[in-house]
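J.: Take this structure, written in C-alpha cells, and hold onto it; I'll ask about it next.
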Amino acid sequence: MLRQEIYVAQTMEGEQQNQQLVETANTVEVPAETLEPLTMDEVIEKHIGSFGWSQFLHVFLVSLAWIFDSQSTLVTIFSDAEPSSWKSSAVNGGNHDNIASVCGLKPGSWEWVGGHKISTIAQWNLVCERKFLAAIPASLFFLGSLLGSAVFGQLADTRLGRKKTVLVSCVLTSATFFFTSLSPNIWIYSLLRCANGFARSGIGIACLVLSTEVVGRKWRGQVGQYGFFLFTVGFISLPLIAYPTRNNWRTLHRILAIFPMFYSLFLLPFISESPRWLLVRGKNKESIAVLKRFAKLNGKELPTNLTLADVTSNTEAETYGNLWTTKWAAKRLIIVMIAGFGIGFVYYGVQLNVENLNFSIYFTVAVNAIMEIPAVLIGTILLSFTSRRFLFSISAFLAGVSCFLCIIFSKGSRGPQAMTSKEPRGSWPQLSIEALGFMAASTAYDILYIYCVELFPTNVRNFAMSFMRQALMLGASVSPLLVALGRLSPSLSFIIFGALSIFSGFVSFWLPETKDAPLFETLKQQGEEEKRRRLPADDSALELGNETKITSPSM
C-alpha cells in the first residue's frame with residue numbers, strides 16, 4: 001500500500017514537471033524579426049532609417065566625385081574652343097581687317113588674338129580645311145567613355161566593388177588630365193582625351209549606385225539628384241578656372257588634375273563600401289559591419305542576432321549573360337539604351353554647341369551651367385510624387401520642342417568659311433530657348449540614371465548601368481560631328497537634336513514604373529517577385545511601385 005502511494009505521488013510530480021516545462025516553452029517567445037533573415041530594404045527601413053545623418057554624409061562625400069566627371073567631360077568647351085578673333089601679323093605685314101575669314105590667307109600673315117596657346121584649335125591651326133579635326137578629340141573622349149563604362153561597370157559588380165571603382169577611376173582621371181597637358185600634337189591629344197574618357201567613366205556609374213544603395217526606397221530619387229547637383233557644381237567651376245588660364249589651355253588641364261587626386265587621398269577613405277554589394281558577394285559580416293556604422297551615426301542600434309537574407313546562391317548561379325537571356329531584363333535594357341542614345345546626343349550636343357552662338361563662351365557656359373540648378377531642383381521635387389516614366393518622357397519632349405523652336409531664331413554663317421567668319425551666329429531669343437531646352441534635357445538625363453538604378457537588381461545593377469552609359473556616350477560621341485556641321489547649317493543640327501529627343505521620350509513608354517519599388521538583389525529574386533504579383537506578361541504594364549512590401553527574401 002505504501003509503495004503504491006509513493007508511486008502515485010512520483011507519477012503526479014512528474015506530470016506536474018512536464019506540464020511546467022510545456023507551459024514554460026509556450027510562454028518563452030523570441031521576436032520573429034530577429035529570427036527570420038531580413039532583406040536589405042527591411043534593415044534600412046526598420047533599423048537604420050531611410051535617410052539619416054549617416055546616409056547624408058555618405059552621399060555627400062560620394063557625390064563630390066561627380067565634380068571631376070563634369071570637368072573631364074566639358075573641359076573641351078574651353079580647351080578646344082575656336083578663338084574669338086584674329087589679326088594681321090605684324091611680321092609679315094599686310095592689312096586683312098576687311099576680310100571675314102582666314103581661309104585663303106598665307107600662313108604667317110595672320111595670328112590669333114591672345115596667342116597660339118589659348119586653345120588646341122589655335123595651337124594646331126584646326127581651321128578651314130582642317131576644321132573637322134577639331135571634333136576628333138571630343139568624339140574619341142566619348143568613345144573612351146563608352147569602353148570605360150563596360151569595363152568599370154563589370155568591375156564594380158564583380159572584383160572591385162563600388163568604392164574601389166571610384167578610387168581607380170579618380171586616380172586615372174587625374175593622371176590622364178596631367179598627361180593631356182603635355183600633348184605634342186592633335187593626334188596624341190586625341191588619344192589622351194580618349195584615355196581620359198575611359199578613366200572618368202567609372203565615376204558616374206559607381207557613385208550613383210553607391211549613393212542609392214544605402215537609403216530607403218522613398219529617397220532614392222532625391223539622393224540620385226544630389227550627385228547631379230555636384231555635377232552642376234563641376235560645370236559651374238569650369239568658367240571660373242578657365243578664365244584665369246584663358247591664355248594657356250595646358251595650364252587648365254594641369255589644374256584640373258589636382259582635384260581628383262586630392263579627393264582620392266583625403267576624402268574617399270571615409271566612404272563605406274555598399275552593404276548590398278558585400279551581401280551579394282557573400283561577405284555578410286562585412287555587410288553587417290557597414291550597416292552597424294550607419295545605424296550608430298543615426299543614433300540607432302541593430303539587433304544583436306540580426307541575420308541577412310542569403311542571396312549568394314542565386315548570385316553565384318547568375319552571370320552577366322543572364323541579363324540578356326532573361327527576357328524581361330533584356331527588353332528593359334534595350335529600351336533604356338535606345339532612350340539613352342538620344343538623350344546623350346542632345347544633352348552633350350547642346351552643351352558643345354554653345355560655341356556656335358554669338359556670345360562670350362564663358363558667359364554662355366555659365367548660363368547653361370546655371371540652368372542645370374533648376375533642372376536638379378525641379379527633378380528632386382517632382383521625383384517625390386511623380387512617376388519616373390512620366391517625368392523622363394515629358395522632359396525629353398520639352399527638350400525636343402525647344403530645339404525645333406531654336407530653328408526659328410537661329411542666325412548662322414553658312415558656307416565653307418563659316419567656322420572663321422565674323423558674322424553673328426546667334427541671338428538672345430535663341431540663347432534663351434536653347435537654355436530652357438538644355439534644362440529639360442538635363443532633367444531627362446538625370447532621371448534616366450535613377451530610373452536605370454531601380455530597373456535592375458544589385459548583382460547586375462552596375463553592369464546594366466554601364467550599358468546605359470555606353471548608349472549615352474555613343475550618342476555623345478556623335479554629337480561633336482553634328483556641332484561641327486552646325487557651323488555650316490544650324491537648322492539641320494537643331495532638327496536632329498529635336499527629333500532624337502522626342503523619340504527618346506516615346507520609347508520610354510515601354511518601360512515599367514519603379515517609384516517606391518523595392519530594390520531586389522538578384523535577377524531570379526526580382527523575376528519571381530514580379531511573377532508572384534500576377535502582372536500581365538507585357539512588360540509595358542509592369543508597375544513595380546504598386547506594392548512595396550517584400551514578403552520573403554527568397555521570392
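J.: So how much slack lies between Trp187 and Lys46, counting 0.36 nm per residue of separation and subtracting their Cα-Cα distance, in nm?
T.: 45.2 nm
J.: How large is ³J(HN,Hα), in whole Hz, for each residue of the stretch 124-132 in order, when computed from phi with the Karplus curve 6.51 cos²θ - 1.76 cosθ + 1.60 and θ = phi - 60°, using x for Gly and Pro?
T.: Going residue by residue, I get 10, 6, 8, 10, 6, 5, 9, 5, 6 Hz, with x marking Gly and Pro.
J.: Here's something else I'd like to know. With a/c under 1.5 counting as rounded, go ahead and sort the stretch 170-326 into rounded, prolate or oblate using the C-alpha gyration tensor (a ≥ b ≥ c being the square roots of the eigenvalues; past the cut-off, prolate if a/b is larger than b/c, else oblate).
T.: prolate
J.: A further question on this structure: Output ³J(HN,Hα) for the stretch 159-173: one whole-Hz value per residue in order, computed from phi by the Karplus curve 6.51 cos²θ - 1.76 cosθ + 1.60 with θ = phi - 60°, and x for Gly and Pro.
T.: So the J values, rounded to whole Hz, are 6, 8, x, 6, 5, 5, 5, 4, 4, 4, 5, 5, 5, 5, 4.
J.: Amide H to amide H, which residues 5 or more places from Leu308 or on other chains are under 5 Å from it, using H placed in the peptide plane?
T.: Leu38
J.: Order the peptides 272-280, 458-466, 387-395 from the highest to the lowest mean number of other Cβ atoms within 10 Å of their residues.
T.: In descending order of packing, they fall as 458-466, 272-280, 387-395.
J.: Continuing with this model, one more query. For Trp86, which sequence-distant residues (separation of 5 or more, or a different chain) have an amide H within less than 5 Å of its own amide H, given hydrogens modelled in the peptide plane?
T.: Under 5 Å from the amide H of Trp86: Val113.
J.: Right, here's the next one. Read phi for every residue in the stretch 202-207 and hand back ³J(HN,Hα) as whole Hz from Karplus 6.51 cos²θ - 1.76 cosθ + 1.60, θ = phi - 60°, with x for Gly and Pro.
T.: x, 5, x, 4, 5, 5
Only the coordinates and a few stated rules stand behind these numbers; no lab work does. Small disclaimer: the values here were computed from a predicted structure and weren't measured. Please note: Cβ atoms are built from the backbone with ideal geometry, for glycine as well, and neighbour counts cover all protein chains shown.
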